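Trainee: So that we are looking at the same thing, I have put the structure below in structure tokens.
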Amino acid sequence: MAPTLADPFNDSSALINFVINQGNGVKGLSELGLKALPKQYIQPLEERMCMNSIVPQGSIPIIDMSNWEDPNVAKSICDAASAWGFFQIVNHDVPVEVLENVKDATYNFFRLSAEVKNKYSKEHSSSNNVRFGTSFTPQAEKALEWKDYLSLFYVSEEEASALWPPVCRQQVLDYMKKSELVIKQLLQVLMKGLNVNEIDAAKESLLMGSMRTNLNYYPKCPNPELTVGVGRHSDVSTLTILLQDEIGGLFVRGNKGDDWIHVPPIKGSLVINVGDALQIMSNGRYRSVEHRVVANGSKNRISVPIFVNPRPADMIGPLPELATNGEKPIYKQVLYSDYVKHFFRKAHDGKKTVEFAEL
């Protein structure tokens, strides 16, 4: 039952009930046609995007992957991972129709009724590996984020067939499978850049032993300037492979520290970013950089990231090959699942998570 529009969500429990407990999400709020943003979503001034801090012509590197083994391409990838932490790839091996299909599937999932989506919520899902939710960590946040998501942790094809929503299952599996080759190419190049010339089974498992795909939905928002789609954070992954639609809204922290660079949508491209796990394993040579998503007042936006991660039971720390070159470690060995729990325990807070692993 939607609240009346006169003063719909002055009471936080009414909002939590409508958005979270009933499974309407912010999509449901957006579709009520609210004239003003509910106060629970109003971010403190310092977390809102200041238009003066956007670099007008700034751009992260765009890398053509058609000859990914070419030393110049390899150098561009390693340089981008070191200097920017973010880059876009074009002419990669993931077919455009696979990307279009997973975008369509994302819309199809979010078109489902609240009742159906809610079957996959934390309270009702039959597995922690399938989770429909909203914002980031609502119980820890002072202000909520304007985003709904479906998170799918890949264990096996059998589990995906049994538990993932039928409306998007096959399309997400195809996207993950077809992206695997590109992920391996990128990791091979990035490891060579650290003088790790051989990725054996153990190393591959450490770098990409588990994967999670999120379907993100950012509905249009009243007063978008007062809130965020996603707050400032860096990812906890090894690498993140992001498919975004044509709307735009992703911003990356620039090298000056107080500037933000828009990541323009390029049809058929994938956005790649270094996650904290790779920053730690590379002993800080590759940078996991803060990024955020702004809310949009006129259009719905979707994105589909694949988070390529170590396995939860892995210990992560600077790779031993770096120590043999006499490099002094700046991070300790940490259990990856502890690192991830630390990230999800709190609201988005920029780059603070990585402090958990600092010596």
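The values are calculated or read from the model by the stated rules, or taken from the named source; none is laboratory data. Fair warning: this is a prediction, and the values are worked out from it, not measured in the lab. Glycine also receives a Cβ, built like all others from the backbone with ideal geometry; neighbour counts cover every protein chain displayed. Ligands, DNA and RNA are stripped out before the accessible areas are found, and what is left, the full protein with its side chains, is counted by its heavy atoms. Shrake-Rupley method; radii C 1.70, N 1.55, O 1.52, S 1.80 Å.
Trainee: Have a look at the DSSP beta bridges in the chain and tell me what percent are antiparallel, nearest 5.
Mentor: 90
Trainee: Also, quick follow-up: Using a 1.4 Å probe on the protein chains only, how many percent of the accessible area of segment 104-186 belongs to carbon and sulfur?
Mentor: Roughly 49 percent of what the probe reaches on segment 104-186 is carbon or sulfur.
Trainee: Using a 1.4 Å probe, how large is the accessible area of residue 149, given in Å² and rounded to the nearest 10?
Mentor: Accessible surface of residue 149 is approximately 40 Å².
Trainee: Listed here are the pairs 203/267; 117/299; 184/352; 27/256; which of them are more than 31 Å apart at the Cα?
Mentor: 203/267; 27/256
Trainee: Please give, to one decimal in nm, the separation of the simple spin-label points placed at residue 256 and residue 50, each 7 Å out from Cα toward the Cβ.
Mentor: For residue 256 paired with residue 50, the spin-label model returns 1.2 nm.
Trainee: Also, quick follow-up: So how tilted is helix 71-83 from the main axis of the chain? Cα-based, degrees 0 to 90, rounded to 10.
Mentor: 50
Trainee: Under the Karplus relation 6.51 cos²θ - 1.76 cosθ + 1.60, θ = phi - 60°, what is the ordered set of whole-Hz ³J(HN,Hα) values for segment 276-293, x standing for Gly and Pro?
Mentor: Here the 3J(HN,Hα) series is 4, 4, 6, 4, 5, 5, 8, 6, x, 6, 9, 10, 8, 10, 4, 8, 7, 10 Hz.
Trainee: Taking R0 as 41 Å, what FRET efficiency do you get between residue 247 and residue 324 from their Cβ-Cβ distance, rounded to the nearest 0.05?
Mentor: Taking R0 as 41 Å, the efficiency between residue 247 and residue 324 is 0.30.
Trainee: Report residue 245's accessible area, 1.4 Å probe, all protein chains in place, as a number in Å² to the nearest 10.
Mentor: Near enough 10 Å² of accessible area.
Trainee: In whole Hz, what ³J(HN,Hα) sequence does segment 84-101 give by Karplus (6.51, -1.76, 1.60; θ = phi - 60°), x for Gly and Pro?
Mentor: Per-residue couplings from phi come out as 10, x, 9, 7, 9, 10, 10, 6, 8, 9, 8, x, 4, 5, 5, 5, 5, 5 Hz.
Trainee: If you fit an axis through the alpha-carbon atoms of helix 169-192 and take the longest principal axis of the Cα set of the chain, what angle between them do you get, 0 to 90°, nearest 10?
Mentor: 30
Trainee: If you don't mind, another one. For segment 59-357, report the accessible area per residue in Å² (1.4 Å probe, heavy atoms, rounded to an integer).
Mentor: 40
Trainee: Return a whole-number percent for the relative contact order of the chain, with Cα pairs under 8 Å and 6 or more residues apart as the contact set.
Mentor: Normalised by residue count, the contact order of the chain is 21 percent.
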